[in-house]
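None of the figures in this text is laboratory data; all of them are computed from the coordinates on show. None of the values given here were measured: they were computed from a predicted structure. Cβ sites come from the backbone with ideal geometry, for glycine too, and all protein chains shown count toward neighbours.
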Ligand code: PMP
């Protein structure tokens, strides 16, 4: 137990808590977790004997072999298995993170470099597996309910339509039934004729649409602008393509001045994330090859306003290399739950997609945009993995060219099922004019459920009558009461999975809430560049998903309320730590 306690990833601080955790694991069927504990014990034991672990080979669940031990070394109290992984001295003892031999790795692996190792997803995935019985999970962004009935029926129809051979390969650039449907819809969205064969490419999810777009555009050393915070996939995809991410911070503007608010009633307020046009213009260089725009935005839920989109378009036209394009990731476009109030801001909205502006529909932008989307969020079917790129032939043809070398085609059945679903989604659904209207109403209700719970628990949240919003995340700001409840010793401790190796406030709070309070949310720091995260820009925020069943949100609400309702014995310490963090982060975020 003492050995496990030294592991920097754990938060079970007291010996009693640690013992209970180990005991629970050993009572369970989780042989992988048992092995993890065995492995950690073994490594600590060897280290405490002064032995250097040269190679710790295992991976297969029940087989751990120490292949070589060498010499004696001085072991400091912070020595741990995970710091040994990072230094490349041992391979992952349980096969959850792979040991990567960078020196001999291929170029793509080398480009990711130090990114190998535990991440927010492996770490919070581990916690959710360990705690699954008593956890309200508002972490990862996928709905925990079935796709609509018409989509399931379409899948069955597609699978049963033997005459049209949906069980074999289809056209590499996209199943004809689907590209025709997509071209029809985008012709309306973008108010221009979209050619189904030349201007649409079907991919495995939006992730591959982004990946292939970057691969076709980027040469080593090219720069790609990311608005920060950003969906964490972008950063590494840019690096995989040999590019260099250049971050343009979105600015958090609180509804009321923090100092005044604190003086008045002690409560921090929510706010709006805004694009600073000057920051964008400063970031553009002759090497800028792409700007990634994501609206509605993951993680903040921000909708880029028409004005902001126009400023991106003018920066592109005025300053960027003529080959620079916008990759417009619009996977949440049917979940605009708070459209802009100002009619001017709604100018140019698609007739089929309430509250959403397609960047490619702005004057002159069709020629400079690859529009990226997928079916996952709209049809609550993230596992279908049907995505697409829409754009001018000069940008889509290179993607068509790469596709057959990545896979012959995306799954024919799911493409066909989606093609069958699209016309059905426009029909009246559950008392609404269309499935899309139903979807929006469903998410608006869930959002409000979560907003109330978060406010009650002391988080500051966006006021959707002031800030337009979309998608299914709330980027909540950690209020003073919550900061006080968090034990001070959890903050700023070493943690290999956290950016910069330190669990700052956002990470510490999420880990503590998941392990001790039974609610899983995602820290915001992985959505920021490591430099800005370490400067404190992400300290105040956590990402909370509301694409979850009402019961899950209600369970989370109850647990969240209990956090601030119960007197925290640690509150004095917590308050002191919180005050320091708040002062630091206030500077970094603005
Ligand atoms: N873009 C954004 C902004 C996302 O949030 C996600 C999924 N979380 C994706 C792209 C990936 O979508 P897909 O599952 O279709 O690959």
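For segment 145-198, just say rounded, prolate or oblate: build the C-alpha gyration tensor, square-root its eigenvalues into a ≥ b ≥ c, call rounded for a/c under 1.5, and beyond that prolate if a/b exceeds b/c, oblate if not. Verdict is oblate for segment 145-198. Listed by Cβ neighbour count within 10 Å, with the fewest neighbours leading, 182, 505 appear as 182, 505.
One-quarter of the Cα convex hull surface for segment 199-298, in nm²?
On the way: hull surface 33.1 nm².
For segment 199-298, averaging the hull's shadow over all directions gives 8.3 nm².
Residues of segment 153-176 with an amide N closer than 20 Å to a point placed 7 Å from the Cα of residue 408 along the Cα-to-Cβ direction: 159-176.
Which of 504, 251 comes first, and how do the rest follow, when ranked by fewest Cβ neighbours within 10 Å? Before the final figure, lay out each step's value.
Numbers: 504 25, 251 13.
Final ranking by Cβ density, sparse to dense: 251, 504.
What shape does segment 403-473 have by the C-alpha gyration tensor, where a ≥ b ≥ c are the square roots of the eigenvalues, rounded means a/c under 1.5, and otherwise prolate means a/b greater than b/c and oblate the rest? Spell out each step's value before the answer.
Working: a/c = 3.56, a/b = 1.77, b/c = 2.01.
Oblate, since a/c reaches 1.5 and b/c is not below a/b.
By counting other Cβ atoms within 10 Å of each Cβ, how are 297, 167 ranked from fewest to most?
Details: 297 24, 167 12.
Ascending Cβ contact count within 10 Å gives the list 167, 297.
Could you tell me which of rounded, prolate or oblate describes segment 294-409, using a ≥ b ≥ c as the square roots of the eigenvalues of the alpha-carbon gyration tensor, with rounded for a/c under 1.5 and, failing that, prolate when a/b is larger than b/c and oblate otherwise?
Working: a/c = 2.28, a/b = 1.16, b/c = 1.97.
Judged from the Cα gyration tensor, segment 294-409 comes out oblate (a/c at least 1.5, b/c at or above a/b).
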